[in-house]
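S.K.: I'd like to ask you about the structure that follows.
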Amino acid sequence: SDELNRFIYDTLVMVKDQFNVNLTEDTDFRISLALHTYPLITRMESNMQIKNAMTYEIKQKFILAFDAASVFSNELYKKYGVRITDDEISYLALHFEGAIQAQKRERSQKVLIISPQKKSFTILLRQRLTDWFKNEISTIDIVNPSKADKAVKNTYDILLATEEHVAVKYRAICINFFPTDQDYQKISLAMNGYQNLSDILDKFHRSTFVVVESISKKGALQLLCEKAKDAFGIDDSLYEQVSKHEQVINSYFGDNLAVPHPEELCTDLTFVAV
């Protein structure tokens, strides 16, 4: 219906504003979301929301998609007055994840590997990267260090090197010739914005770490927000926004891990309190 179409479009605009992910022009996604939402509304009104055995796995693996689906679900709640369960939100998250991955494929990146090994020896290395990032890499070129000066002048999004001194010279990411899970993490972070370890460590501060023997959820949120206020001069809106997000969706990921965060941006700083 026109009403549902307008609702979906307006909500995707909100997702765009909050997460900088523009899905408003993805017609296929909007249609699939509408086809899922129409019976969902019926289930909400009939109090017959369905279970999802993959909920925790989806929350852990598709964090951005789940957050976007939570915004969408909260707008449905405002419109129909019925809270949507995590299980139903997880099904919505799969639609969002598919659309997000499709955008990534359109923005796939070019990778240059600088390695002294013969090309016949680098087949496994190329295959491992392809297996890891098949939807994110469009090109993988491998060049000998003796020819690297000319190669790096071309436009590559990611530079990798299998030797430390070569990596230093070209400001490349040093990886093992037989890549490990740690190499995967380094490459993945480079593709998604973080360039080095200090970019991550800079988000943590000694003054925002606290250890307590026992505390309630509300008490923990208040304590961490107070620590942040003292450390960075942030006002009371931080706790208000964190509490607001917890009302929209629980930030628990399983395995005794939760990552509460503000519903809306309320500070220019990015930091982690533990």
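S.K.: Can you pull out every residue in the range 22-56 that is in contact with an Asp or Glu (Cβ under 8 Å, 6 or more places away or on another chain), among the charged types (D, E, K, R) and either surrounded by 15 or more Cβ atoms within 10 Å (Cβ to Cβ) or part of a helix (DSSP H, G or I) (or both)?
M.R.: Within the range 22-56, just Arg43 meets the criteria.
S.K.: Sticking with this structure for a sec: Looking for something among the acidic types (Asp, Glu), within 13 Å of Ile249 (Cβ to Cβ), touching a helix residue (DSSP H, G or I) at 6+ places or on another chain (Cβ under 8 Å) and surrounded by fewer than 16 Cβ atoms within 10 Å (Cβ to Cβ) - is there at least one such residue anywhere in the range 77-95? Break it down stepwise before answering.
M.R.: Filtering the range 77-95 for residues among the acidic types (Asp, Glu) gives 86-88.
Now restrict to residues that are within 13 Å of Ile249 (Cβ to Cβ): 86-88.
Those left that are additionally touching a helix residue (DSSP H, G or I) at 6+ places or on another chain (Cβ under 8 Å): 86-88.
Now drop any that are not surrounded by fewer than 16 Cβ atoms within 10 Å (Cβ to Cβ), which leaves 87.
For the range 77-95, residues among the acidic types (Asp, Glu), within 13 Å of Ile249 (Cβ to Cβ), touching a helix residue (DSSP H, G or I) at 6+ places or on another chain (Cβ under 8 Å) and surrounded by fewer than 16 Cβ atoms within 10 Å (Cβ to Cβ): present.
S.K.: Now for a separate question. Failed condition for Val15, given (1) of a type outside the set (Phe, Trp, Tyr); (2) open to solvent by less than 60 Å² (accessible area, probe 1.4 Å); (3) in a loop (DSSP other than H, G, I, E, B); (4) in contact (Cβ under 8 Å) with a residue 24 or more places away in the chain, with all others met?
M.R.: Exception for Val15: condition (3).
S.K.: In the set Ile215, Ile234, which member is in contact with a Ser or Thr (Cβ under 7 Å, 6 or more places away or on another chain) and farther than 30 Å from Leu159 by Cβ? Show your work before the answer.
M.R.: Details: Ile215 fails: in contact with a Ser or Thr (Cβ under 7 Å, 6 or more places away or on another chain).
The unique qualifying residue is Ile234.
S.K.: Take Thr162 and decide whether it is within 28 Å of Gly98 (Cα to Cα) and in contact with a Leu (Cβ under 9 Å, 6 or more places away or on another chain). Working first, answer last.
M.R.: Working: within 28 Å of Gly98 (Cα to Cα): no; in contact with a Leu (Cβ under 9 Å, 6 or more places away or on another chain): yes.
It is false that Thr162 is within 28 Å of Gly98 (Cα to Cα) and in contact with a Leu (Cβ under 9 Å, 6 or more places away or on another chain).
S.K.: To continue, here is another question. Which pairs do you get when a residue that is charged (D, E, K, R), found in the range 243-255, comes within reach of a residue that is open to solvent by 30 Å² or more (accessible area, probe 1.4 Å) and assigned to a loop (DSSP other than H, G, I, E, B), reach meaning Cβ atoms under 8 angstrom, with the pair 6+ apart or on two chains?
M.R.: Close Cβ pairs satisfying both conditions: Lys244/Pro262; Lys244/Glu264; Glu246/Pro260.
S.K.: Can you find, within the range 222-251, the residue that is modelled with the highest pLDDT among those that are within 21 Å of the chain's Cα centre (by Cα) and over 10 Å from Glu263 (Cβ atoms)?
M.R.: Ser251
S.K.: Please work out which one of (1) in contact with a helix residue (DSSP H, G or I) (Cβ under 8 Å, 6 or more places away or on another chain); (2) basic (Lys, Arg); (3) loosely packed, with under 12 Cβ neighbours inside 10 Å is the condition Lys59 fails and give its number.
M.R.: Looking at each condition in turn, Lys59 falls short on (3).
S.K.: While we're here: Could you tell me which of the residues Ala172, Ala151, Ala190, Ala161 is free of Cβ contacts under 8 Å to residues at least 40 places away in the same chain, surrounded by 16 or more Cβ atoms within 10 Å (Cβ to Cβ) and over 23 Å from the mean Cα position of the chain (by Cα)? Give the steps one after another, and end with the answer.
M.R.: Values: Ala172 fails: free of Cβ contacts under 8 Å to residues at least 40 places away in the same chain; Ala190 fails: over 23 Å from the mean Cα position of the chain (by Cα); Ala161 fails: free of Cβ contacts under 8 Å to residues at least 40 places away in the same chain.
Selected residue: Ala151, the only one of Ala172, Ala151, Ala190, Ala161 that is free of Cβ contacts under 8 Å to residues at least 40 places away in the same chain, surrounded by 16 or more Cβ atoms within 10 Å (Cβ to Cβ) and over 23 Å from the mean Cα position of the chain (by Cα).
S.K.: Kindly establish whether Val210 is open to solvent by less than 50 Å² (accessible area, probe 1.4 Å), touching a residue at least 12 places away in the same chain (Cβ under 8 Å) and assigned to a loop (DSSP other than H, G, I, E, B). Steps first, answer last, please.
M.R.: Working: open to solvent by less than 50 Å² (accessible area, probe 1.4 Å): yes; touching a residue at least 12 places away in the same chain (Cβ under 8 Å): yes; assigned to a loop (DSSP other than H, G, I, E, B): yes.
Yes: the conditions hold for Val210.
S.K.: Among the numbered criteria (1) open to solvent by 60 Å² or more (accessible area, probe 1.4 Å); (2) at pLDDT 90 or above, which one does Leu201 miss?
M.R.: (2)
S.K.: Let me ask something else about it. Which residue is modelled with the lowest pLDDT, if the candidates are limited to the range 140-162 and must be of a type in the set (Asp, Glu) and within 17 Å of Arg126 (Cβ to Cβ)?
M.R.: Here is the first cut: in the range 140-162, the ones of a type in the set (Asp, Glu) are 141, 149, 157.
Pick out the ones that are also within 17 Å of Arg126 (Cβ to Cβ) and you get 141, 157.
Details: Asp141: 89, Asp157: 82.
The extreme case among them is Asp157.
S.K.: Another question about this same structure. What is the residue count in the range 108-121 for residues that are touching a residue at least 24 places away in the same chain (Cβ under 8 Å) and either of a type in the set (D, E, K, R) or open to solvent by less than 60 Å² (accessible area, probe 1.4 Å) (or both)?
M.R.: Residues flagged as touching a residue at least 24 places away in the same chain (Cβ under 8 Å) and either of a type in the set (D, E, K, R) or open to solvent by less than 60 Å² (accessible area, probe 1.4 Å) (or both) within the range 108-121 amount to 9.
S.K.: While we're on this one: Only one of (1) in a loop (DSSP other than H, G, I, E, B); (2) more than 25 Å from the chain's Cα centre (by Cα) fails for Thr267. Which number is that?
M.R.: All conditions are met except number (2).
The values are calculated or read from the model by the stated rules, or taken from the named source; none is laboratory data. The shown structure was predicted, so the numbers you read here are calculated from the model rather than taken from an experiment. All Cβ positions, glycine included, derive from the backbone under ideal geometry; neighbour counts span all protein chains shown. Side chains included, ligands, DNA and RNA excluded: accessible areas come from the protein's heavy atoms. Shrake-Rupley method; radii C 1.70, N 1.55, O 1.52, S 1.80 Å.
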